[in-house]
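Written below as structure tokens is the structure these notes are about.
The values are calculated or read from the model by the stated rules, or taken from the named source; none is laboratory data. Since the model is a prediction, treat every value here as computed from it, not as a measurement. All Cβ positions, glycine included, derive from the backbone under ideal geometry; neighbour counts span all protein chains shown.
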């Protein structure tokens, strides 16, 4: 008897369960490939990394306000910049007072508006990497995947914020606090920002362990969601970073 009319029922293929945002956050530190594979599958919500980064930023801000003082922060920046000192010396008392108030408000505003500024920065970085990995390396990433990679790749920045808070509460002299380099995670933290050559200081500050960690994560993530070799992700991400570093060093040399 022929059984050509009978076909076995298709066995459903079990779908791999996606990770929660908390799992993706944790895996960003211990198993980043799992996080980026999950993003590639379409699980690309990134509001939790944004909130975590904001909380740590505000924690650092609170430590600075309590132990250093925003007025001291501004005075330190002027002391570290010869051109700023020259401008202040040439200004009238009223101009100095106004300039000081504006500088304090801008510094405070940068912290308070940190999440918004971070979002703008994330969008710009995403657009650059999106075009680079797709047009330059034949990737197939979309905007949503790339911006999720950027936010999860940024998570190591909370380690730097924690280190900054630890240094502040460990008894750092307020007069030596540098808001632009607040944690000992790069070579510049061990150099005198006043006496060191400006270009050298800019280069030393750029060689930051947390920054390198972040770049590695973003490189892996971009390559994963774009479906290209990991080396392509490294070239795309570190290539742009090198360009930015060289521009910063050149600018420091010009202004110094």
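Can you tell me which residues in the stretch 207-256 are outside any helix (DSSP H, G or I) and under 28 Å from residue 33 (Cα atoms)?
Result: 207, 208, 227, 228, 229.
Here's the yes/no breakdown for (1) part of a helix (DSSP H, G or I); (2) touching a helix residue (DSSP H, G or I) at 6+ places or on another chain (Cβ under 8 Å); (3) touching a residue at least 40 places away in the same chain (Cβ under 8 Å):
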| position | (1), (2), (3) |
| --- | --- |
| 44 | no, yes, yes |
| 48 | yes, yes, no |
| 65 | yes, no, no |
| 101 | yes, no, no |
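State whether the residues of the stretch 82-92 include one that is without any contact (Cβ under 8 Å) to a residue 60 or more places away in the chain, outside any helix (DSSP H, G or I) and farther than 28 Å from residue 158 by Cα.
Among the residues of the stretch 82-92, at least one is without any contact (Cβ under 8 Å) to a residue 60 or more places away in the chain, outside any helix (DSSP H, G or I) and farther than 28 Å from residue 158 by Cα, which makes the answer yes.
With 93, 115 as the choices, which residue is modelled with pLDDT under 95 and within 27 Å of residue 18 (Cβ to Cβ)?
Within the list 93, 115, the selection yields 115.
Output yes when any residue across the stretch 177-190 is within 30 Å of residue 47 (Cα to Cα), in contact (Cβ under 8 Å) with a residue 24 or more places away in the chain, out of contact with any strand residue (DSSP E or B) (no Cβ under 8 Å at 6 or more places or on another chain) and assigned to a helix (DSSP H, G or I), and no when none is.
No, that holds for no residue.
Conditions tested, residue by residue: (1) touching a residue at least 24 places away in the same chain (Cβ under 8 Å); (2) in a helix (DSSP H, G or I); (3) farther than 30 Å from residue 218 by Cα.
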{"residue": "73", "(1), (2), (3)": "yes, yes, yes"}
{"residue": "110", "(1), (2), (3)": "no, yes, no"}
{"residue": "120", "(1), (2), (3)": "no, yes, no"}
{"residue": "125", "(1), (2), (3)": "yes, yes, no"}
{"residue": "134", "(1), (2), (3)": "yes, yes, no"}
{"residue": "152", "(1), (2), (3)": "yes, yes, no"}
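Conditions: (1) at pLDDT below 95; (2) closer than 25 Å to residue 34 by Cα. Residue 192 meets all but one. Number of the miss?
(2)
Identify the single condition in (1) part of a loop (DSSP other than H, G, I, E, B); (2) farther than 30 Å from residue 51 by Cβ that residue 204 does not satisfy, given that it satisfies every other one.
So the condition that residue 204 fails would be (1).
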